[in-house]
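The values are calculated or read from the model by the stated rules, or taken from the named source; none is laboratory data. Computed from a prediction, not measured in an experiment: that's the story for all the values here. Don't worry about glycine lacking a Cβ; one is built from the backbone with ideal geometry, like all the others, and counts go over all protein chains shown.
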Amino acid sequence: MTSRSQICSDPILVLHFVLRTVDPFGSPAAVMRDILQPYKPKDHLQYHEIIFDFGTGEKVEKHVKMMQALVKQLDKVGFDPERVEVIVYSHSETARGDIWGGFEPDNSVGRGKHKVITPGLPVAYTVDDFFKVLFSGGIEKYMKGSTLWMLVCGHMVRESNAFDTFKDCIKRYEIEHSFAFSAEMFHACLTTSFVNAYVERVLVEGFEVQDVIQDLLIVSPRLAMHAAIIHIHVTNGFRRRLPTIVEYTQGLTRTPDAKHSMVVSTYTFSHENLRPFGNTLPYQCPKCKCVRTWDHIVIASKPFVLSDESKFACRKCKHTITYKRQHHQAQVILHFQGYRGTSNGSGKLVRKGNTAATGWLVSVTTESAAVALCPTVP
Ligand SMILES: [Zn+2]
Ligand SMILES: [Zn+2]
């Protein structure tokens, strides 16, 4: 604990939405609940696991009814959470980045002991349709000011149409913070240490995400090698909780920024020899098919400055691959090791010693958080 921190015992609601057929234990939601439990008086933590499957019209109705029942249950005890954590654990479809909402009905052929059941195929929805059904029956009111964790494969953030729709949904539902991950074959269990740190720093100690993001990144080396982390923050939007002491003091010394905007930050881990600018080195050399044969070629003329280009050669056949630093990745580098100097702006860092250089490349974009006129506001 630091002198800035506090212990928050405010009421918190955790909604864990899990696609039927996905194992809920793969998600860090239960870990979140277990860490929170000791800090919350008995009635200050509500955790609900919602197994969803709305692949048919009939199943959609069932899901809506289930949500209505949950809202009724929360209303009955007069639960008014100051924080809402929403975890969505599903798959996203490869080509368009749509999200799996459920399954078609199972098919059965034959009778008696000859009966063969073929499971129904998955049904994917566009991101907005997916949310429209998932957050229905009154539960959508809890999305306002919540933190949303999207534990789905990275297609949703890689396909620009799907990602734009996702951002629109965040604005429409007035979600304060959201996290998504870029890995094509995403493994949710690798987020556990990141989520642990989030629970401790943000939910228990009461810091704001953007102030402690470095603490969350530094404890997540395995997630770092797996996926880029996308954090979306809507500033000055609706929030459920009162300002913290720190924020209150800051507000007195800073000019309050009344702008309502959406800040999208992408954190990509880069390791000089293993993950150049966040890219995964191919397992095999495409030319000679040898396994793991890559040598990083250090450019002799620029050995001391972080370059914009990184070359690797196959030890066996000398085949080379070149990676370039993306322009948008160039802004800031956090937590660099093996370098010395300022990480801001030009990214001119000076090498220090012989350790491999690692760090988080950060790209930040800001856009208006105003909602585009839409006739079907949920
Ligand atoms: Zn998947
Ligand atoms: Zn080779």
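For the range 104-154, filtering for residues that are in contact (Cβ under 8 Å) with a residue 40 or more places away in the chain and either not assigned by TED's automatic domain parsing to the domain that holds VAL31 or not in a helix (DSSP H, G or I) (or both) leaves 20.
Taking the criterion of being over 21 Å from LEU45 (Cβ atoms) and surrounded by 19 or more Cβ atoms within 10 Å (Cβ to Cβ), the residues of the range 186-215 that qualify are PHE186, ALA188, LEU190, ILE213.
Rundown of residues vs (1) buried (at least 16 other Cβ atoms within 10 Å of the Cβ); (2) modelled with pLDDT of 95 or more, yes/no style:
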| site | (1), (2) |
| --- | --- |
| ARG4 | no, no |
| SER9 | no, no |
| LEU19 | yes, yes |
| VAL22 | yes, no |
| PRO41 | no, no |
| PRO81 | yes, no |
| VAL86 | yes, yes |
| GLY102 | yes, yes |
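When LYS171 is tested against the conditions (1) at pLDDT below 95; (2) part of a loop (DSSP other than H, G, I, E, B); (3) under 30 Å from ALA69 (Cβ atoms), the lone failure is (2). The one condition from (1) under 26 Å from ASP211 (Cβ atoms); (2) touching an Asp or Glu at 6+ places or on another chain (Cβ under 7 Å) that ALA29 does not meet is (2). The single condition from (1) at pLDDT 95 or above; (2) among the polar types (S, T, N, Q); (3) crowded, with 19+ Cβ neighbours inside 10 Å that SER92 fails is (1). Within the range 280-297, residues that are within 11 Å of PHE312 (Cβ to Cβ) sit with their Cβ atoms under 9 Å from residues that are among the basic types (Lys, Arg) and near ligand 2 (Cβ under 8 Å from one of its atoms), at 6+ positions apart or across chains, in these pairs: CYS285/ARG315; CYS285/LYS316; THR293/ARG315; THR293/LYS316; TRP294/ARG315; ASP295/ARG315.
Per the conditions (1) touching a Ser or Thr at 6+ places or on another chain (Cβ under 9 Å); (2) in contact (Cβ under 8 Å) with a residue 60 or more places away in the chain, the sole criterion not satisfied by ALA29 is (1). Just one of the numbered conditions (1) assigned to a helix (DSSP H, G or I); (2) surrounded by 16 or more Cβ atoms within 10 Å (Cβ to Cβ); (3) not basic (Lys, Arg) is not true of ASP75; which one? Going through the list (1) assigned to a helix (DSSP H, G or I); (2) surrounded by 16 or more Cβ atoms within 10 Å (Cβ to Cβ); (3) not basic (Lys, Arg), ASP75 breaks only (2).
In a residue-by-residue description of the range 177-191, the property of being farther than 30 Å from PRO38 by Cβ, at pLDDT below 95 and more than 16 Å from ligand 1 (Cβ to nearest atom) applies to no position. Pairs meeting the criteria (first residue in the range 7-19 and touching a residue at least 40 places away in the same chain (Cβ under 8 Å) and assigned by TED's automatic domain parsing to the domain that holds GLU93, second residue surrounded by 22 or more Cβ atoms within 10 Å (Cβ to Cβ) and of a type in the set (Ser, Thr, Tyr), beta carbons under 7 Å, at least 6 apart or on different chains) are HIS16/SER27; PHE17/TYR89; VAL18/SER27; VAL18/TYR89; LEU19/TYR89; LEU19/SER90. Looking only at residues of the range 73-86 that are free of Cβ contacts under 8 Å to residues at least 40 places away in the same chain and of a type in the set (D, E, K, R), we find that the one that is farthest from ligand 1 (Cβ to nearest atom) is LYS76.
Within the range 87-124, being within 14 Å of ligand 1 (Cβ to nearest atom) and either among the acidic types (Asp, Glu) or farther than 30 Å from TYR47 by Cβ (or both) holds for GLU93, THR94, ALA95, ARG96, ASP98.
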